[in-house]
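Reviewing the structure listed below.
The values are calculated or read from the model by the stated rules, or taken from the named source; none is laboratory data. In this text, all values refer to a predicted model and were calculated from it rather than measured experimentally. As a convention, Cβ positions derive from the backbone with ideal geometry for all residues, glycine included, and neighbour counts pool all protein chains shown.
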Amino acid sequence: MTKTFLKFRSRITVIICFVIFSWVGLCVRLFQIQIINGQMYTQAVVEQAQKKEDLPPNRGNILDRHNRLLSRNIIHYTLSANPSKVSDIQELAEAIHVRTGEPVEKYIDKLNIKGNFTYLERNMQRETLGTLLNMSFDGLFIKRHYKRRYPHGSIAAQVLGYTNIDDEGISGIEKDFNTYLSGKPGWIIKSKGWSGKIQKRSGLPFRAPIDGCSVQLTLDLQYQSILQDELHKRQKEADATTATGIIINPQTGEILAMASTPGFDNNNFSKYSLETHRCRAITDQFEPGSTFKIVSAVAALSEKKVTLTEEFNCENGEFNYFDITVRDHEEYGQLTFPQIIKHSSNIGIIKIAERLGRSTLYRYARDFGFGSATQISLKGGTSGTLRPLKKWSQVSLGQIAMGHEVAVTALQLAVAYSAVANGGYLVTPRIIHQIVNSKMKVIHKNELSIVRQIADTRIMKQTKDMLRKVVSDGTGIKADIPGWGVAGKTGTAQKYINGHYSNDKFISNFVGFFPVNDPQLLAVIVLDEPKAPFHWGGQGAAVAFRRIMERIINMDDSIIPPKKKKRSDFIKDDIILVENEK
């Protein structure tokens, strides 16, 4: 051991220990980085070198029964930023200003806020975005979206509904079937080049979006257009506050058109009053008046409480019923049962209801679906009002028989009269035909659903014959279409306001179907507060019904006119009528 070594031994020892401890510390640190915190640091590196972008799905479309588009999607872009990551606020603000024409200061103010996120522009078209798509700015995010548009404007707007700025359904079909329509988003990993520009490279993880399902409705676009046009005209002519209508196939329960006016354009829904957004055919209830007399008529025939030739004293138009005075619109004396329906006699229907009794009338009203939800695939509908028997007063039997003290929706009336038209079956109304996924596979189909049989075919045949008389030479004569065998019933009801029936505010309504022997179409028309003489169901609503159906007949070749009867057919009908009377 040399003197030199001995002289520097302590220093050498310190250096060796330092080197050893440094290596040990380095190894410990490497172990911590690679083993203990390896995943965290790997993720940090990946995040610096790569970027995950969401891939929005294409929202499913809504179509009519003939596959005509009722909605479509337009691509648009959202510009947002993380202000804390933006390196040159002035440069970015000026670049966006060049594309939009908005003041530079607008974007500078947004980029100077405290926080990690701010919207710069929303709903930008690709043409406006232009070169920004290919430029790279730290902290700037460009996201593609789909904006919902409705090519037919206000047509079926209350049924279709609309979406918000994030393309989520918030009304109508768009809301109720948002889960099906919205689809599932995907994502893609993109790498950052040396310049910081984002670029797509093969081999990186990727998940494709799943496009939303398409919802096919039972609506017919042309029927819907005609209905809305004629409702608008009649509302203006009658100076009514609103007009509501529904067209349905009485055999299947398929709704072919449904609307109310005033309406709105769901492309610009925020510009219209919320009152116009409602689908009044399912949300608004009203006292129907004489269109409710069908319940007593079917019940009386089914329970054999009356005959078709039996006469009732209608008291020359005025009748004291307990503590109220009931009046007819004309002074009728003796009327047969069919004449009571044809002339819409209130006094006559009360006397028939008295034979039925409370429980029977209530049971048939429930059988017709009144006071119950219709089970249509649209939310927001009301069940109407049919009070339980224990809440009836001494005059309730007569009042309800006339269509007072009870409230219904236009859809409930359509479903009830469909049961008469189709031979006695209460069917569930349908607005959805089927739902088809992005691979064109049907994942849900709405089939015909029969709730119950209310009465047999023979009873309903007699009822339809009476309703045909209403239109051929009764209160509904203005709804008649020569050669088409229209049957129906008028309804005129005073509105119940502040505890009493108004003398100047009415509901005018009409329900009709044709051809009477094999009904293909049925419609309900309701006018709210029309001015005289349109307040009468036969003057206001019946005319709108005729105009709508005449246009549909001229437009749709699939509507088949009734066959003309031979003389032998009339003889057979007379024989059946006589046998029924026995």
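Listed by first and then second residue, the pairs with beta-carbon distance under 8 Å, at least 6 apart or on different chains, first residue in the stretch 526-554 and in the same structural domain as Thr261 (by TED's automatic domain parsing), second among the acidic types (Asp, Glu) and part of a helix (DSSP H, G or I), are Phe534/Glu237; Ala544/Glu230; Arg547/Glu230; Ile548/Glu230; Arg551/Glu230. Within the stretch 24-43, identify whether any single residue is at pLDDT below 90, exposed (fewer than 12 other Cβ atoms within 10 Å of the Cβ), closer than 25 Å to His145 by Cβ and not aromatic (Phe, Trp, Tyr), and answer yes or no. Checked against the condition, which is being at pLDDT below 90, exposed (fewer than 12 other Cβ atoms within 10 Å of the Cβ), closer than 25 Å to His145 by Cβ and not aromatic (Phe, Trp, Tyr), the stretch 24-43 yields no hits at all.
The single condition from (1) more than 30 Å from Ala243 (Cβ to Cβ); (2) without any contact (Cβ under 8 Å) to a residue 60 or more places away in the chain; (3) out of contact with any helix residue (DSSP H, G or I) (no Cβ under 6 Å at 6 or more places or on another chain) that Asp323 fails is (2).
Tell me whether the stretch 487-497 contains one or more residues that are within 25 Å of Ile282 (Cα to Cα), out of contact with any Phe, Trp or Tyr (no Cβ under 8 Å at 6 or more places or on another chain) and either surrounded by fewer than 22 Cβ atoms within 10 Å (Cβ to Cβ) or not assigned by TED's automatic domain parsing to the domain that holds Gln228 (or both). The answer is yes; a qualifying residue exists.
In the set (1) surrounded by 15 or more Cβ atoms within 10 Å (Cβ to Cβ); (2) modelled with pLDDT under 95; (3) at positive phi, Thr374 fails one condition alone, (3). The helices (runs of 4 or more DSSP H) found entirely in the stretch 126-183 that carry 3 or more residues being outside the structural domain of Gln90 (by TED's automatic domain parsing) and within 23 Å of Ser438 (Cα to Cα) are 172-176, 178-182. Within the stretch 53-71, the residues that satisfy the criterion of being in contact with a Phe, Trp or Tyr (Cβ under 8 Å, 6 or more places away or on another chain) and not hydroxyl-bearing (Ser, Thr, Tyr) are Glu53, Asp54, Leu55, Pro56, Asn58, Arg59, Gly60, Leu70.
Of the candidates Lys114, Lys52, Lys85, Lys110, the single residue that is basic (Lys, Arg), more than 30 Å from Leu160 (Cβ to Cβ) and touching a Ser or Thr at 6+ places or on another chain (Cβ under 8 Å) is Lys110.
Number of residues in the stretch 100-120 that are among the β-branched types (Val, Ile, Thr), in contact (Cβ under 8 Å) with a residue 24 or more places away in the chain and surrounded by 15 or more Cβ atoms within 10 Å (Cβ to Cβ): the value is 2. Here Lys106 fulfils each of the conditions (1) outside any helix (DSSP H, G or I); (2) more than 27 Å from Asp265 (Cα to Cα) apart from (1). The residues listed here are Val471, Val578; of these, the one that is under 16 Å from Ala421 (Cβ atoms) and either surrounded by 24 or more Cβ atoms within 10 Å (Cβ to Cβ) or at pLDDT below 95 (or both) is Val471.
Can you name every residue in the stretch 222-270 that is in contact (Cβ under 8 Å) with a residue 24 or more places away in the chain, among the hydroxyl-bearing types (Ser, Thr, Tyr) and closer than 23 Å to Arg149 by Cβ? Matches in the stretch 222-270: Tyr223, Ser225, Ser260, Thr261.
The condition of being touching a helix residue (DSSP H, G or I) at 6+ places or on another chain (Cβ under 8 Å), surrounded by fewer than 22 Cβ atoms within 10 Å (Cβ to Cβ) and within 20 Å of Val526 (Cα to Cα) holds for only one of Ile481, Ile435, that being Ile481.
Take the stretch 121-132 and flag every residue that is loosely packed, with under 11 Cβ neighbours inside 10 Å and aliphatic (A, V, I, L, M). Once the filter is applied, which keeps residues that are loosely packed, with under 11 Cβ neighbours inside 10 Å and aliphatic (A, V, I, L, M), the stretch 121-132 yields nothing. Of all the listed residues (Asp518, Asp504), the sole one being assigned to a strand (DSSP E or B) and of a type outside the set (Ser, Thr, Tyr) is Asp504. In summary, strands (runs of 3 or more DSSP E) completely within the stretch 211-284 and bearing 1 or more residues that are surrounded by fewer than 22 Cβ atoms within 10 Å (Cβ to Cβ) occur at 214-217, 242-248. Of the listed requirements (1) assigned to a strand (DSSP E or B); (2) over 27 Å from Arg366 (Cβ atoms), Asn509 misses just one: (2). Here Leu397 qualifies as closer than 16 Å to Ala299 by Cα and among the hydrophobic types (A, V, I, L, M, F, W, C). Checking each residue in the stretch 443-495 for being closer than 23 Å to Arg430 by Cβ and part of a loop (DSSP other than H, G, I, E, B) picks out Asn446, Glu447, Leu448, Ser449, Ile454, Ala455. Given (1) at pLDDT below 95; (2) in a helix (DSSP H, G or I), identify the lone condition not met by Thr291. The number of the failed condition is (1).
The residues in the stretch 292-349 that are surrounded by fewer than 18 Cβ atoms within 10 Å (Cβ to Cβ) and either outside the structural domain of Ala493 (by TED's automatic domain parsing) or of a type in the set (A, V, I, L, M, F, W, C) (or both) can be counted, and the count is 3. Looking at the stretch 405-428, can you tell me whether even one residue there is β-branched (Val, Ile, Thr), more than 24 Å from Gly488 (Cβ to Cβ) and surrounded by fewer than 20 Cβ atoms within 10 Å (Cβ to Cβ)? No, that holds for no residue.
Among the criteria (1) part of a loop (DSSP other than H, G, I, E, B); (2) surrounded by fewer than 20 Cβ atoms within 10 Å (Cβ to Cβ); (3) at negative phi, the one Gln90 does not fulfil is (1).
The listed residues are Glu275, Glu315, Glu287, Glu311, and the only one of them that is touching a helix residue (DSSP H, G or I) at 6+ places or on another chain (Cβ under 6 Å), more than 16 Å from Gln462 (Cβ to Cβ) and of a type in the set (Asp, Glu) turns out to be Glu315.
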